[in-house]
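Peer 1: Let me give you the structure first, and then I'll get to my questions.
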Amino acid sequence: MPCVSVRGHDRALASLRSSAQSGRLPHAFLFVGPEGIGKRTFALTLAQSLLCERNAEGLLEPCGECPGCVQVEAGSHPDLIVTGRPDDKQELPIRVIRDLCAEFGLKPARGVRKVAVVDDVDTMNDEAANAFLKTLEEPPPGAVLILIGTSAEQQLETIVSRCQVVRFDPLPVDELAGLLLEKGIAADADDAAKLAALAEGSVSRAIGLADPDLDRYRRDLIDGLAGERGFDPAEQVQQLLAFSKKAGKETGAQRRRASLMVGELARLFRGVLWQTAGLEPPSADPADRRAIAVLAQRLEPEDVFILADRALEADFHLARNLYMPLVLESLFHDVAKVVNPKARA
Ligand SMILES: [Zn+2]
């Protein structure tokens, strides 16, 4: 039987369940935590439990079999609105919020309640947030809004103050490894442990990194940085753009692939910083550790710190839909300035 429990998020569940059992389930939630750790899955299962026509609300446990549950599962429930930032936009536009509020005001079609899941609220601009306030303040009776973002600090105070904030932690490495094995994403226990360590608690990151093409590309990029041949930024931009395009026609998928690699660069530079500080680098991969040791020998910690920061910034820009070639050119240009032997001579 399906249950609201999403692996590793028992704490979040316990807090919701105690509110539900006492009949004080808030009408607006803000789910916050790192990308890819299951907030959206949790939100959808919570929505299913709220629209379940068989199990009592306080249980927060969808039966999985009633018409309401089946329609949520199929993505066709008339009273569940799932929305977010369109793939081709940098912000969550006011149009999306206006449509949501209009639909939310209608009578529930199946007679229970309306539930809305709004993703990417980090990117909601002031105009959209203002359009949202009235619905957030006074939703129709029984209706529940679930907003998803990465941190409460990134939201306007007017939004946060109207929501119950629920924090989600990254999954512990062993939980994530178990999940990857169970879902067949990892081939065996070793593979699962390696992926889970690389993914730093993020399921979506682990799924991305499990792709063998990506693993090869990642290896070449990291070994190239630590190699003696030098790092050609223009060539690397072309390679990463070409590699990202192989993720498919959809620009969102291409962007996610580029973002995974930029995230890997950030992690590599963090590892180098650990090593120069005399600490054990967090990466378990032996080839990564060799590259980290070489770079730690070769580079100044101040420069590595800047690169780690630049990689995070580039990742942020990719997430905000900035023009991908420009973001990568600017990042790789800075990387080359620091890592190339010629530049250091
Ligand atoms: Zn049900």
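Peer 1: Over region 76-209, with every protein chain in place, what whole percent of the accessible area is carbon and sulfur at 1.4 Å, could you tell me?
Peer 2: On the way: 3130 of 6290 Å².
That fraction is 50 percent.
Peer 1: Right, something else. So what are the ³J(HN,Hα) numbers for region 166-182, from phi and the Karplus equation (6.51, -1.76, 1.60; θ = phi - 60°), rounded to whole Hz, Gly and Pro as x?
Peer 2: Here the 3J(HN,Hα) series is 10, 8, 10, 8, x, 5, x, 3, 5, 4, 5, 4, x, 5, 5, 5, 4 Hz.
Peer 1: What percent do you get for the relative contact order of the chain when only Cα pairs under 8 Å and 6+ apart count?
Peer 2: Details: 519 pairs, mean separation 57.2, N = 345.
So the answer I get is 17 percent.
Peer 1: From the phi of every residue in region 13-18, what ³J(HN,Hα) in whole Hz does the Karplus formula 6.51 cos²θ - 1.76 cosθ + 1.60 yield, where θ is phi - 60° and glycine or proline is x?
Peer 2: Per-residue couplings from phi come out as 5, 4, 5, 5, 5, 5 Hz.
Peer 1: When the Kirkwood radius is taken over all Cα pairs of the chain, what Stokes-Einstein diffusion coefficient follows at 25 °C and 0.890 mPa s, in µm²/s? Kindly include the intermediate steps, with their values, before the conclusion.
Peer 2: Numbers: Rh = 21.9 Å.
My calculation gives 112 µm²/s for D.
Peer 1: Hey, another quick one. Considering amide H positions built from the backbone, and no H for Pro or chain starts, which residues 5 or more places from residue 54, or on another chain, come under 5 Å of its amide H?
Peer 2: Result for residue 54 returns 63.
Peer 1: Could you tell me the extents of region 10-167's C-alpha atoms along the three principal axes, largest first, rounded to whole Å?
Peer 2: Taking max minus min along each principal axis of the Cα atoms, region 10-167 gives 39, 32, 28 Å.
Peer 1: With r as the distance between the Cβ atoms of residue 337 and residue 187 and R0 = 30 Å, compute the FRET efficiency 1/(1 + (r/R0)^6) and round to 0.05. Don't skip to the end; give the middle numbers.
Peer 2: Numbers: r = 39 Å, r/R0 = 1.31.
Efficiency, rounded to the nearest 0.05: 0.15.
Peer 1: Here is a further query. Taking only DSSP H segments of four or more residues, each worth -39500 (n - 2.57), what value at 222 nm results for the chain once the sum is divided by all its residues, to the nearest 500 deg cm²/dmol? All intermediate terms of the calculation are to be shown ahead of the outcome.
Peer 2: Working: 16 runs with 194 residues, N = 345.
One gets -17500 deg cm²/dmol as the mean residue ellipticity at 222 nm.
Peer 1: Whole number in Å², please: accessible area per residue of the chain, 1.4 Å probe, ligands, DNA and RNA not counted. All intermediate terms of the calculation are to be shown ahead of the outcome.
Peer 2: On the way: 16550 Å² over 345 residues.
Per residue, the chain has 48 Å² of solvent-accessible surface.
Peer 1: Something else about it: From zero up to wherever the largest Cα-Cα distance of region 211-344 sits, split into 10 Å bins and tell me the percent of pairs in each.
Peer 2: Result, from short to long distances: 13, 46, 34, 7, 0 percent.
The values are calculated or read from the model by the stated rules, or taken from the named source; none is laboratory data. Only a predicted model underlies this, so the values are computations on that prediction, with no experimental measurement involved. Cβ atoms come from the backbone with ideal geometry, glycine included; neighbour counts cover every protein chain shown. Areas reflect the complete protein model, heavy atoms only, side chains present, ligands, DNA and RNA absent. Shrake-Rupley method; radii C 1.70, N 1.55, O 1.52, S 1.80 Å.
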